[in-house]
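These notes concern the structure reproduced below.
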């Protein structure tokens, strides 16, 4: 098992400035558009694809002795040089939480039929949604509790905090796969290993944290068309609750240069996440910034934050739904009771 404390220390990185000055980019500013939950808009359609895989299923196993919950989605067949339209995708599946407690960490990977690791570049996106709660920044959406893409970052455990779950909670798992490589894969599987703590074994209850998604598309669908050349897309969020941001990571697609989260109220940067790419601009990794050693980055109700995603698309073509830009972190509210308002009524 990964040592959570070591993983946190290893994840600490200095703020990284984007390598190109802002004036070098054409900028698209999302704040001119009212957020979906304020305008009454519903979320847009999900990304379309040609077909669903009849064979891809969800498998779940639990190891109480190690406090591990494991999910597997697959098999998925990946032709070579296949975009999402050319892959028969898994349908959304539903994980029923088998315990009362807290989810602590997420460790995703992709493997083939033999168990050998497959490049994370075959992952377009993975998203886990708590169907019983609304997102506190975007109440029109289910609470987005975990996500990853080609960067395939671990979400490390943070001592003393976790995401609260209860027996019977339903988590919707949405996945999409691509294959930019020359190699076809007859079978691949997504594995996500989750560390948890059962409430029955904790003498002191953990503090509940909430995943916080600062999306440049605000409360709409996250994907947007990527124009040729350099561009910046940005949005603003007004915090409605006081608390602390414990750390952030990021999600971009190929040709992404970086993400910036800044505090407009106090005119100060919060985090800059410079994308690690190969020579062709394909995304390899995104850094993680932790604020746990200082008790978290303090946020007050009414504070305005800005998130921006920078891309440099060298293809000369518009790439439909080719971009996403999300800074995601853990938010620890001052008053957890205030978040009970986001509980959704369970279906009978």
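Couple of notes before you dig in:
- In this entry, residue 58 passes the filter for residues that are surrounded by fewer than 20 Cβ atoms within 10 Å (Cβ to Cβ) and in contact with a strand residue (DSSP E or B) (Cβ under 7 Å, 6 or more places away or on another chain).
- Residue within region 313-326 that is under 17 Å from residue 242 (Cβ atoms), in contact with a strand residue (DSSP E or B) (Cβ under 8 Å, 6 or more places away or on another chain) and loosely packed, with under 15 Cβ neighbours inside 10 Å present: no
- Residues considered: 75, 79, 64. Of these, the only one that is over 22 Å from the mean Cα position of the chain (by Cα), touching a residue at least 60 places away in the same chain (Cβ under 8 Å) and closer than 30 Å to residue 158 by Cβ is 64.
- Residue that is buried (at least 21 other Cβ atoms within 10 Å of the Cβ) and closer than 30 Å to residue 338 by Cα, where the choices are 140, 130, 67: 130
- None of 168, 150 is modelled with pLDDT of 95 or more and in a loop (DSSP other than H, G, I, E, B) except 168.
- Residue check, residue 281 surrounded by fewer than 23 Cβ atoms within 10 Å (Cβ to Cβ), part of a loop (DSSP other than H, G, I, E, B) and under 21 Å from the mean Cα position of the chain (by Cα): yes
- As a summary of the residue check, residue 124 satisfies the conditions (1) in a strand (DSSP E or B); (2) surrounded by fewer than 20 Cβ atoms within 10 Å (Cβ to Cβ); (3) in contact with a helix residue (DSSP H, G or I) (Cβ under 6 Å, 6 or more places away or on another chain) except for the one numbered (2).
- Matching entry among 180, 211, 159 (being at pLDDT below 95 and more than 26 Å from residue 256 (Cβ to Cβ)): 159
The values are calculated or read from the model by the stated rules, or taken from the named source; none is laboratory data. This is a predicted model, so every value here is computed, not measured. Because the Cβ atoms are built from the backbone with ideal geometry, glycine has one as well, and the counts that use them run over all protein chains shown.
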